Amino acid sequence: MWDTARMDVKRVVDVIRVDPATCGNGTPAERAPDPDLGTALIPAERYYAPEFMKLEWERVWTKVWLLGGRSDDITAPGDYICTEIGKESVLIVRQHDGSVRCFPNVCLHRGNRLRPEGLGNAEQFRCMYHHWTYGLDGTLDRIPDLCTFAQGGPPKMALPSFPCTEWNGFVWYSLNPDVEPFDDYISPLKQHLEPYHPERMAWKRDVTVEWDCNWKASVDAFNESYHVQGIHPQLLWYLDDTNIQIDCYERHNRYLIPFASISPRVAMPSQIPPGIAEIMTHAGMDIADYEGRIGDIRRDVQVFKRQHGQAQGKDYSELNDDQLTDDYHYMIFPNVSLNMHADDIMMFRQRPHATDPNKMLYDVWVFELVPEGAEWPKRVRHQRFRHGDKSIGLVLDQDAYNLPTVQLGMRSDSFPGLWIGEQELRIRHFHKVLDDYINAPDASL
Ligand code: FES
Ligand SMILES: [Fe+2]
């Protein structure tokens, strides 16, 4: 009964309240000082000019670390992820010794792609054209009629290899052979994101949507909460969009959004709103028995989860209380947005189109915590479609709705650039980091 739970709740509040600012070695919650990024326009041209797209390719995409996929998709030797970024395609391959290696997905003979995008397992990669055959380590094991090539085989008789590593349940690669160490690149987010233990979460959704906008329009869309009052009116009874902490780090940034809360933009309702009821039910609370005030629900959910998590097979010990309800929303430069929650992660990978700055690929990846002792669910199937062909859920449909018209509007001679406000500080920060890469004197940044 909830009455009993309420009593327990009070005891728990007294005994194990975890202060977000001082929580163990977990995710830091303190606010970072706001950088002074000025108030200038962000030029619109960068969203559609082929010249800027070329600069991004040369100075960003081929320089940074990139998210390749999930480690648990490639557990056995020969398992591989074939993924594309712009005009390039790579193979990320599990080796016999358990390590991962990354190769360009191209046959050195006449340029055929070795594999289509997706997951697979191979004992070797045999090109479907003239049967040049590569080992899992990229070695060119067989060239039919090699003696007819007076020049011999290609250099080192192997595919070149790219830097590749695993972190926090994911595989990362870089097209830059001289890329800085991954740990330096991802700093300071290791400490922020490891406490969520994504490796304890299983695939729930794997979708790619072709969007008619520049990849940065999508990054921007998830880097601010200002649009909640504009396009997600239903979320005003779900989260507090006026009380959001923004933190900008060297390359990456985040904001923290209180969930299970009512926005001060609307009146406090007399009934528990459906979205918040869902949060309570998911936590295992009995809504019918809830006697607290609506304004107390967020705190009560946190306390309930702290108290009952262990029995539910969910280890929240590295998370602070706010993380048990809220959205800790991160952006890993340049193109990964993560909604981090105690029980799930909803993340987006925003990829540039191979040739057209007005198009992009929007990957939605959702993972859900598998309680200890529960069966690991079967992997969901990947789906790919064009914007509008299928719903991707109400909130994301709302996010997607304006992007093609934003892309069209950006090209107007009457639109010099983005007029950014304080709630959009992360957008300004993202573009500042982008500019730093674009303008780096040594483009090998
Ligand atoms: S293109 Fe691959 S073997 Fe000829
Ligand atoms: Fe949104």
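The values are calculated or read from the model by the stated rules, or taken from the named source; none is laboratory data. Values in this document were obtained by computation on a predicted structure and should not be read as measured data. Don't worry about glycine lacking a Cβ; one is built from the backbone with ideal geometry, like all the others, and counts go over all protein chains shown.
Evaluated against (1) surrounded by 14 or more Cβ atoms within 10 Å (Cβ to Cβ); (2) within 21 Å of the chain's Cα centre (by Cα), Ser161 falls short on exactly one condition, (2).
Helices (runs of 4 or more DSSP H) fully within segment 367-445 that include at least 2 residues being within 25 Å of Arg251 (Cβ to Cβ) and within 16 Å of ligand 2 (Cβ to nearest atom): 403-410, 425-438. Identify the residue in segment 109-128 that is aliphatic (A, V, I, L, M) and over 18 Å from Pro160 (Cα atoms) and, among all such residues, is farthest from ligand 2 (Cβ to nearest atom). Taking the candidates together, the pick is Met128. Scanning segment 106-121 for residues that are within 15 Å of ligand 1 (Cβ to nearest atom) and either within 28 Å of the chain's Cα centre (by Cα) or in contact (Cβ under 8 Å) with a residue 12 or more places away in the chain (or both) yields Val106, Cys107, Leu108, His109, Arg110, Asn112, Arg113, Leu114, Arg115, Pro116. Within segment 171-230, if we keep just the residues that are aromatic (Phe, Trp, Tyr) and more than 22 Å from Arg379 (Cα to Cα), the residue that is farthest from the chain's Cα centre (by Cα) turns out to be Tyr226. Going through (1) without any contact (Cβ under 8 Å) to a residue 12 or more places away in the chain; (2) within 16 Å of ligand 1 (Cβ to nearest atom) one by one, Met128 falls short only on (1).
For the condition aromatic (Phe, Trp, Tyr), outside the structural domain of Val364 (by TED's automatic domain parsing), at pLDDT 95 or above and exposed (fewer than 15 other Cβ atoms within 10 Å of the Cβ), what is the one hit in Phe149, Phe170? Exactly one residue qualifies, and that residue is Phe149. Does segment 421-434 include one or more residues that are more than 18 Å from Phe348 (Cβ to Cβ), over 23 Å from the mean Cα position of the chain (by Cα) and of a type in the set (A, V, I, L, M)? Scanning segment 421-434 turns up no residue that is more than 18 Å from Phe348 (Cβ to Cβ), over 23 Å from the mean Cα position of the chain (by Cα) and of a type in the set (A, V, I, L, M). With the condition kept exactly as written, say whether any residue in segment 238-260 is in a helix (DSSP H, G or I) and in the same structural domain as Asp397 (by TED's automatic domain parsing). For segment 238-260, residues in a helix (DSSP H, G or I) and in the same structural domain as Asp397 (by TED's automatic domain parsing): absent. Close Cβ contacts (under 7 Å, 6 or more residues apart or on different chains) running from residues in segment 217-232 that are closer than 16 Å to Lys359 by Cβ and in the same structural domain as Pro357 (by TED's automatic domain parsing) to residues that are more than 8 Å from ligand 2 (Cβ to nearest atom) and basic (Lys, Arg) are absent. So is Tyr173 part of a helix (DSSP H, G or I) and under 27 Å from Val93 (Cβ atoms) or not? No; evaluated as a whole, the condition is false for this residue. Scoring Gly393 on the criteria (1) without any contact (Cβ under 8 Å) to a residue 60 or more places away in the chain; (2) more than 18 Å from His232 (Cα to Cα) leaves a single failure, condition (2).
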